[in-house]
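First up is the structure itself, then whatever we jot down about it.
The values are calculated or read from the model by the stated rules, or taken from the named source; none is laboratory data. Every value quoted in this text rests on a predicted model; they were computed, and no experiment measured them. Glycine also receives a Cβ, built like all others from the backbone with ideal geometry; neighbour counts cover every protein chain displayed. These accessible areas exclude ligands, DNA and RNA; they are computed on the full protein's heavy atoms, side chains included. Shrake-Rupley method; radii C 1.70, N 1.55, O 1.52, S 1.80 Å.
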Amino acid sequence: MCSVKDFPLEATKLTVKTKTSSGISLSPAFELKNDGLIASFETSGSPAEGFTLKEKWTSENITKTNLIVEDKIAKGFKCELEVCVNAASGKKGAVAKTAFKTDGFNGTFDANLDLAGPTLNSTAVGEYNGIQAGAEVEFDTEKSKLNKNVLAVGYSQNDFSFVGFVKDMSLFEGLVHHKVCDNTEIAAKLDWNNQTSGCSFNFGAKHILDKATALRMKIDCSGKNHHVCHP
């Protein structure tokens with residue numbers, strides 16, 4: 001079966017998807033960009049249960065191959081190897097990706113397979129009884145440098161929610177929201193940078209006067225305030 005999705009007459013991109021009787025998906029695409037035509041051809045199929053093989057070629061002579069293994073090692077565990085080759089420049093690259101997902105937890109670990117030294121990236125998100133926590137870390141093994149580290153925690157229950165961030169162990173950010181009643185909500189945001197000792201604070205409120213009118217107010221740490229009434 002062949003289908004053309006969302007293709008108005010004035011569009012500059014055409015994508016066609018079809019599937020063979022043996023289960024192999026074929027998807028040619030054409031895009032008019034900067035007065036030039038860019039074409040690509042993508043195929044995907046499953047050589048065995050739990051395995052998916054994808055390959056994409058573009059008119060810029062770049063090929064990308066993905067081998068995906070899912071739910072074979074453990075339920076919810078996914079591995080992917082992506083290999084990219086630029087035939088014109090001779091440049092090659094590869095990325096290994098893993099992910100594990102279960103009730104209340106989602107984690108990933110990726111690595112670009114650079115011979116000079118891979119860059120490692122890991123994320124984790126969990127939730128328990130209304131409390132959410134997450135983290136992201138990126139480490140450059142070639143430079144032995146921590147490129148990114150982010151920690152976050154949140155709590156949400158009924159009419160109250162809180163989210164806190166710590167970025168690169170230097171920027172701290174907190175957000176609080178409280179629904180006082182059906183017609184009134186208040187929120188506050190606090191930022192602090194321990195490198196510059198800079199601090200900012202914002203407070204906002206919303207009150208619904210009737211079905212057609214709402215009043216919004218915002219005050220920042222400089223003392224400036226804004227009042228808006230929407231009829």
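Can Tyr155 be described as open to solvent by 80 Å² or more (accessible area, probe 1.4 Å) and in contact (Cβ under 8 Å) with a residue 12 or more places away in the chain?
On the way: open to solvent by 80 Å² or more (accessible area, probe 1.4 Å): no; in contact (Cβ under 8 Å) with a residue 12 or more places away in the chain: yes.
Spelling it out, it is not the case that Tyr155 is open to solvent by 80 Å² or more (accessible area, probe 1.4 Å) and in contact (Cβ under 8 Å) with a residue 12 or more places away in the chain.
Would you pick out the residues in the range 155-166 that are at pLDDT 90 or above and either hydrophobic (A, V, I, L, M, F, W, C) or assigned to a loop (DSSP other than H, G, I, E, B) (or both)?
Scanning the range 155-166 gives Asp159, Phe160, Phe162, Val163, Phe165, Val166.
Run down Ser200, Ser156 and say which single residue is of a type in the set (Ser, Thr, Tyr) and out of contact with any Gly (no Cβ under 6 Å at 6 or more places or on another chain).
Within the list Ser200, Ser156, the selection yields Ser200.
All but one of (1) more than 27 Å from Glu55 (Cβ to Cβ); (2) not in a strand (DSSP E or B) hold for Ala116, so report the exception by its number.
Checking Ala116 against (1) more than 27 Å from Glu55 (Cβ to Cβ); (2) not in a strand (DSSP E or B), the one that fails is (1).
Just to verify a result, which residue in the range 15-25, among those that are open to solvent by less than 50 Å² (accessible area, probe 1.4 Å) and either out of contact with any strand residue (DSSP E or B) (no Cβ under 8 Å at 6 or more places or on another chain) or not hydroxyl-bearing (Ser, Thr, Tyr) (or both), is modelled with the highest pLDDT?
My answer is Val16.
Is it the case, given these coordinates, that Val125 is under 30 Å from Phe77 (Cβ atoms), β-branched (Val, Ile, Thr) and either open to solvent by less than 60 Å² (accessible area, probe 1.4 Å) or assigned to a loop (DSSP other than H, G, I, E, B) (or both)?
Answer is no for this residue.
Report every pair of residues separated by at least 6 positions or lying on different chains whose Cβ atoms are under 6 Å apart, first residue within the range 70-86 and farther than 16 Å from Ala48 by Cα, second of a type in the set (D, E, K, R).
Gly76/Lys101; Cys84/Lys64; Val85/Lys92
Those residues that are surrounded by 14 or more Cβ atoms within 10 Å (Cβ to Cβ), more than 28 Å from Asn121 (Cβ to Cβ) and out of contact with any Asp or Glu (no Cβ under 8 Å at 6 or more places or on another chain), I need them from the range 162-193; list them, please.
Correct list: Val176, Glu185, Ile186, Ala187, Ala188.
Taking the criterion of being among the charged types (D, E, K, R) and in contact with a Phe, Trp or Tyr (Cβ under 8 Å, 6 or more places away or on another chain), would at least one residue in the range 159-182 satisfy it? Steps first, answer last, please.
Kept after step one, since they are among the charged types (D, E, K, R), are these residues of the range 159-182: 159, 167-168, 173, 179, 182.
Filter again for in contact with a Phe, Trp or Tyr (Cβ under 8 Å, 6 or more places away or on another chain), leaving 173, 179.
Looking through the range 159-182, at least one residue is among the charged types (D, E, K, R) and in contact with a Phe, Trp or Tyr (Cβ under 8 Å, 6 or more places away or on another chain).
Kindly check whether there is at least one residue in the range 50-61 that is without any contact (Cβ under 8 Å) to a residue 60 or more places away in the chain, of a type in the set (Asp, Glu), open to solvent by 80 Å² or more (accessible area, probe 1.4 Å) and in contact with a Cys (Cβ under 9 Å, 6 or more places away or on another chain). First the steps, then the outcome.
Just the residues of the range 50-61 that are without any contact (Cβ under 8 Å) to a residue 60 or more places away in the chain, to begin with: 50-61.
Imposing the further condition that a residue be of a type in the set (Asp, Glu) reduces the set to 55, 60.
Within this subset, residues satisfying the condition of being open to solvent by 80 Å² or more (accessible area, probe 1.4 Å) are 55, 60.
Now narrow it down to the ones that are in contact with a Cys (Cβ under 9 Å, 6 or more places away or on another chain): none.
No.
Would the range 89-102 turn up any residue that is outside any strand (DSSP E or B) and farther than 29 Å from Ser144 by Cα?
Among the residues of the range 89-102, not one is outside any strand (DSSP E or B) and farther than 29 Å from Ser144 by Cα, which makes the answer no.
Only residues that are over 20 Å from Thr65 (Cα atoms) and buried (at least 16 other Cβ atoms within 10 Å of the Cβ): list them for the range 78-105, please.
Selection gives Phe100 alone.
From the list Ala94, Ala135, Ala152, pick out the single residue that is touching a Leu at 6+ places or on another chain (Cβ under 6 Å) and either within 24 Å of Lys189 (Cα to Cα) or modelled with pLDDT of 95 or more (or both).
That would be Ala135, the only listed residue that is touching a Leu at 6+ places or on another chain (Cβ under 6 Å) and either within 24 Å of Lys189 (Cα to Cα) or modelled with pLDDT of 95 or more (or both).
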